[in-house]
Amino acid sequence: MNMRGYLLRKFIQALITVFIVIFMNFFLFRIMPGDPIRVLIRNPRISAGALERVRDQFGLNESRLVQFWIYLRDLFSGDLGTSFNYRQPVLDIVMERVPATVLLIGTATVLSIIIGVLLGVIFAWKRGTRIDIIGLSFSLILYSMPTFWVAIIMVMIFAVYWQIFPLGGMGMPGAFYSSYWVELASQLRYMFLPTITFALILIGEYVLIMRSSLLEVMREDYMLTARAKGVTNRNMLFRHAMPNAMLPVVTLIAINLGFIVGGAIQIETVFSWPGLGRLMYSALTNRDYPVLQGLFLFITIAVIGANFCADLLYRYLDPRVKS
Amino acid sequence: MNSALAKRDNFALLKKNMTSFWSIYRQNSMGLIGLVILLVFALMALFGPYLVEITVMAVDGVTQVIHPPTSGYWLGTDDLGKDILAGVIIGSRVSLLVGLAATAISMIIGTVIGIVSGFYGRAVDAVLMRITDVFLVIPWLPLMLVMAALLGPSLGNIIFVIGITSWAGTARIIRSQTLSVKERPYVERARAIGSGDTHIMFYHILPNVFPLIFANTVLVAAVAILSETTLSFLGMGDPTQVTWGMMLHFAFSMGAVSYGAWWWLLPPGICVVLVVLSFTFIGYALDEVLNPKLRRRDQ
Amino acid sequence: MRRLNKVALLLVILILAVSLLVTGCGGEESQDERNILRIGYMREIESLNPMVIWSVQAYEVMYVNYNFLMSWDEDLNVTPKLAKSWDVDESGTFWTFYLEEEVTWHDGEPFTAEDVKFTFEYIRDNELGYFYDYVASMEEIEVVDEHTLTVKTDEPIAWMPQLLVPILPMHIWSEIDPADAEGEFTNDNPVGTGPFQVVEHRKGEYTRLVANDNYFKGRPAIDEVIYIIYANTDMMVEALKQGELDVIADVPGAQFKALQETNDPDIVTLDADSPSFTELSFNVWEDEESMGNPILRDREVRIAIEYALDRQEMIDVALMGYGEVGSTLVPPLFDFWHLDLGDDFRAYNPQIAVETLEAAGYTLGADGIRVSPDGEPLAFTLLIRNESPDNQKMASMIKDMLAEVGIEITVSVIDEGTLTDRIYDGDFDMFIWGWYVDVDPSSILKVVTTDEIMSWSDCFYSNPVYDELHLLQQRTMDRDERRELILEMQRIFYNDSAYIMLSYDPELMAYRTDKYEGWVRNPRTGPVVYTNVIDTYEELRPIGE
């Protein structure tokens, strides 16, 4: 199949997925028990007239089908609805939180890939030795830990017991810094614990995938040929084995994105990190359905998009897929 | 007559497979460790709740809340003065139950969709696989949280939510195995003698994909138990039930961290890690025992 | 292969170096000259727009950014604020307010009587927010001169000077469409007259206010106030201990106790009275639409339940001992209005509970559960909010205590939204929730009047005598005379027992004393921040200044 046809097919598939998600997203939020507007009643002392206005504003008086149509129309004009809690457009609220989460996820992912790949290579190279076995068990144990629990343990050790890192947040609000470097150091200090915790959680899987992928590549014919030709070990590893073994890692990053988002929710909750995850947590506790709905859609589309990109990247990188 | 015979044959095959499988499996030390840990927890969940009772620690009539470990209360007490060790033991039952029930739902959905999709192919396959893709790509935790929040906190809802969101991987694997199984001669033969679709799927295909179902169950169970813990921790659990996740939820929200109450935070967490680890070990061992290439090809 | 090890080693060294750098530089933030008051809280500030806010946290920011016409002293007597004095004619319906003259808005515009008239009319005509109830009865508002204003009401209003209404600048709000005012208007740079003004608002993170140099009561001694939102209480408590915060509120019992036990000489823990209570509410709706268990409409059953509950034990365990056994609708914090029941209080006595039930014909069934004369079992469902772990603990204790007297309780945990739904549908037997009480008792007493059914009432209580007294007290201008009526209302409602008051809840807070002094509690036994007044913000100063 040629590249363009492949691209088109993948794109259409992604588009269909997005539509199914939009559909699910809408109806999921209409089958919930109870009337969302009632969340507003007990709290604010709202008059009957005002209540009616709010109902109109949220389109709650229309039929389901009309509501779906309104929803779709608004969606395509970038309107994800208005937050019950903040009384502001959901998209604005979500966008405000994106940088913090991207920073956290990005740093942690890069860190975990570098360390994970490196360790994976070492373990694969030393297959069967004690280092390999210890490393492998350690990766499996990390992989088995609830993310939030690791985060709590890290806070307990480093922020409560030793007090070398701040407990959470992205910085001290209103703090004064004598120079840019002091500010940067302070920022890094706040970032350190959540990022390291996040990376720890993610490393395990990269180690495992890199190790098994490298082992598989080394068994392939061309590797045997290379060895027969007398290519040195180190050369073989870096020039021949590594690039091919990296392929599954690329796919894993994309597949993992859903898992990473889940991790971010937990890490951000424990560390008070003001990103999308914490927004989701507070929307859950406030039962702020429009925010929850918008956030869910936003995250899902981001993940679908990333998967699509990874597909393309994979095709670009893999010599066997290239026609 | 014919079908009864076929049935016996296939299940005899399955039994034979299992026996030879065990002789390979028991040579895998990781798998054995996992199995032993799991057995210990299974026994704990089965008999524990009959052996211990959650008592409140009191000295001279004063309830001892968040008390460090002491004789009689080996893991100390929580914010209500309740015995944490007893809580951990009794919590094992519901924690495992939720995990296993959710796994069962997930496996049933995954298997049915996988077999039906692989068996019928064409439009059925296309539609089912599109839906499967959607479930594969949607980030799990947000989906589970949203559903749990909408349905309300109860044990049944947690099981349902985990089950309904985690079947996609299984469906994919079962489908690809079905595709290869349905080309085999005995399936052709069964079709030739006029066996119905349901019959073929149940008596000929299911026994042949069974080892894969088995291997996958273990991995899904690990995920299900982690999910229960995480959902409960984030406040979506049923507060009237004692589970490890709820214990951690209360510990965190009631201030165990600033209290330095490690005896409250560590034990439930360690139990979760051990159970998940045992499933992961078993899964890893199964992966080596069963042909790993078979599964990797279609992922 | 050897090179690989080197790379790994290098990486480890790099990480260590970065972490050392990062930990090493942490201490240099202290050259800051500003005096910043940092306040930790658990709840987000949902908006800066006074017309849509409802949480205590958002109200606090509004109190500091805006001003009311009046305030209260430590004994809850009304004191002047934007209005330096006021008087009323003999009819009790014609009020004159004399306003402070040297007040300017944060943007420099002068504050005048026009602003007050505009605020009242804007809220009244558009039925806005919480504030509508306060201005609903104002018929005519006249500006006499730049700093004098008269208000005519349709009937005498006893609580009249206590208008919990933030005065808004006309030059800004007259431009705002009322629909927006209650909708998407964010009010990012709220212009008020208060001691501080919001300059930075990061949702879910913090809200920063700077001192108003031209504050009419004198510039505050602190330069900035920052409200910092925490996702979990542990982190908040630790931050106070480590000096990153100056005061925290909303502390759960366990952490509060731990904080008390640390005996840090620089930290004051405050088990303050707060104007709130937690009640067990029954569905007493005598209507065919009511889906509650009809047995609970029998007063004898409700009274027996009250006798069967050991509320002190519930407070000791579920609230870690922080709280006071509840009795009437008006908390004792407002001691002038609170009714002391004395011997009429139904204290814990399971013996009386059993006798009451027996006398009313509820006999013990074979399975240990009592049955009514009609043969119906005394089995009820207790609804609990998912959001409140404390209520969940109380519920499990209630279940055990009522089982002792032969009443079966099924506890069901649902979220606030669902509970609200079920309350409005009359689809409940009983539930636990609480109320926050205004300084003037009129509004809490109003909640259980017949008029409030399908509006504010959550027990569907209806008693014509009570309703009559409520109207009467509102028109009674003599304070002592009015007090008698209010005490009588509390007695009537207590006797009918549609609520069982479980506890009067405290506000558990803590503050540091090594940086600032001048913390003011209001009322005398109340909190230092999150009260109805802003004395602490006006009085607080660095130690030694």
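Tabulated data for the structure shown
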{"quantity": "Per residue convex hull volume, Cα atoms of segment B:177-274, in Å³", "calculated": "125"}
{"quantity": "Rounded accessible area of residue C:433 (nearest 10 Å², 1.4 Å probe)", "calculated": "20"}
{"quantity": "Where C:82, A:313 fall by accessible area, highest first, once all protein chains stay in place (1.4 Å)", "calculated": "A:313, C:82"}
{"quantity": "Semi-axes of the equivalent ellipsoid for segment C:193-274, Cα gyration tensor, largest first, Å", "calculated": "28, 16, 11"}
{"quantity": "Simple spin-label estimate for residue C:369 and residue C:90 in nanometres, 7 Å along Cα-Cβ", "calculated": "6.6"}
{"quantity": "Segment C:233-298: radius of gyration over Cα atoms, expressed as a fraction of 2.2 N^0.38 Å", "calculated": "1.92"}
{"quantity": "Rounded to whole Å, sorted largest first: equivalent-ellipsoid semi-axes of segment A:76-179, Cα gyration tensor", "calculated": "37, 22, 15"}
{"quantity": "Chain C - accessible surface per residue (Å², probe 1.4 Å)", "calculated": "38"}
{"quantity": "Charge context of residue C:49, other residues only, Cβ under 10 angstrom, K/R +1, D/E -1", "calculated": "-4"}
{"quantity": "22 Å Cα-Cα threshold exceeded, pairs from B:82/C:257; C:203/C:515; B:82/C:393; C:241/C:393; C:84/C:152; C:217/C:241", "calculated": "C:203/C:515; C:241/C:393; C:217/C:241"}
{"quantity": "Rg and Dmax of segment B:66-149, Cα atoms only, in Å", "calculated": "21.4, 66"}
{"quantity": "Calculated FRET efficiency for the pair residue C:495/residue C:144, C-beta based, R₀ 41 Å, to 0.05", "calculated": "0.30"}
{"quantity": "Rg(Cα)/(2.2 N^0.38 Å) for segment C:356-455, N = residue count", "calculated": "1.29"}
{"quantity": "At 1.306 mPa s and 10 °C, Stokes diffusion of segment C:353-394 via Kirkwood alpha-carbon radius, µm² per second", "calculated": "130"}
{"quantity": "Mean Kyte hydropathy of -0.5 or more with a Cα span along the axis of at least 24 Å, helices from DSSP in chain B", "calculated": "B:2-25, B:29-51, B:84-120, B:206-233, B:262-289"}
{"quantity": "Segment A:164-305 - Rg (one decimal) and Dmax (whole number), Cα, Å", "calculated": "21.5, 66"}
{"quantity": "Distance cut-off 35 Å, percentage of C-alpha pairs in chain C lying past it", "calculated": "45"}
{"quantity": "Pairwise FRET efficiency - residue C:343 versus residue C:79, Cβ, R0 = 30 Å, nearest 0.05", "calculated": "0.25"}
{"quantity": "Label point 7 Å beyond Cα of residue A:67 along Cβ direction - residues of segment C:404-426 with amide nitrogen under 20 Å", "calculated": "C:415-425"}
{"quantity": "Accessible carbon and sulfur surface of segment B:203-258 relative to its total accessible area, %, 1.4 Å", "calculated": "71"}
{"quantity": "Computed accessible area, residue B:262, all protein chains, 1.4 angstrom probe, square angstrom", "calculated": "120"}
{"quantity": "In nm, spacing of pseudo-spin labels at residue C:484 and residue A:220 (7 Å Cα→C-beta vector)", "calculated": "9.8"}
{"quantity": "Cα gyration tensor of segment B:104-203 - equivalent ellipsoid semi-axes, whole Å, descending", "calculated": "32, 14, 9"}
{"quantity": "Where labels lie 7 Å past Cα in the beta-carbon direction, separation of residue C:266 and residue C:286 in nm", "calculated": "6.3"}
{"quantity": "Exposure rank, largest accessible area first [A:9, C:491; 1.4 Å]", "calculated": "A:9, C:491"}
{"quantity": "Which of A:28, A:193 is most accessible, then next, and so on - probe 1.4 Å", "calculated": "A:28, A:193"}
{"quantity": "Ratio of the Cα radius of gyration of segment C:293-341 to 2.2 N^0.38 Å, where N counts its residues", "calculated": "1.41"}
{"quantity": "Counted charge near residue A:14, where neighbours are those whose Cβ lies closer than 12 Å (Asp, Glu -1; Lys, Arg +1)", "calculated": "+1"}
{"quantity": "Value in Å of the Kirkwood radius, where segment C:65-184 supplies the Cα pairs that are averaged", "calculated": "14.8"}
{"quantity": "Chain C: DSSP helices with Cα axial extent of at least 30 Å and average Kyte-Doolittle hydropathy no lower than 1.0", "calculated": "C:2-24"}
{"quantity": "Radius of gyration and Dmax over the Cα atoms of the protein assembly as shown, both given in Å", "calculated": "32.9, 112"}
{"quantity": "Apportionment of accessible area to carbon and sulfur, segment C:105-204, percent (1.4 Å)", "calculated": "42"}
{"quantity": "Hull volume in cubic angstrom per residue (convex hull over the Cα atoms of segment C:447-541)", "calculated": "151"}
{"quantity": "Segment C:213-344 - Debye-derived log10 I(q)/I(0), Cα point model, q = 0.23 Å⁻¹", "calculated": "-1.36"}
{"quantity": "Distance histogram for segment C:33-72 (every C-alpha pair counted, 5 angstrom bins, percent rounded to whole numbers)", "calculated": "5, 20, 25, 21, 17, 9, 2, 0"}
{"quantity": "Hull shadow area, averaged, segment A:255-302 [alpha-carbon convex hull, nm²]", "calculated": "3.1"}
{"quantity": "Ratio Rg/Rh [Cα only; Rh per Kirkwood] for segment C:106-237", "calculated": "1.02"}
{"quantity": "Computed log₁₀ I(q)/I(0) - Debye formula, equal Cα scatterers, no solvent, segment C:397-473, q 0.25 Å⁻¹", "calculated": "-1.14"}
{"quantity": "Ratio of Rg to Rh over chain B (Cα coordinates, Kirkwood Rh, two decimals)", "calculated": "1.06"}
{"quantity": "Reciprocal of mean inverse Cα separation for segment C:254-330 (Kirkwood radius, Å)", "calculated": "15.8"}
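The values are calculated or read from the model by the stated rules, or taken from the named source; none is laboratory data. Model, not experiment: these values are computed from the prediction. When we count neighbours, we look across all protein chains shown, and the Cβ atoms used for this are built from the backbone with ideal geometry, even at glycine. Side chains are part of the model used for accessible areas, which takes the heavy atoms of the whole protein and leaves out ligands, DNA and RNA. Shrake-Rupley method; radii C 1.70, N 1.55, O 1.52, S 1.80 Å.
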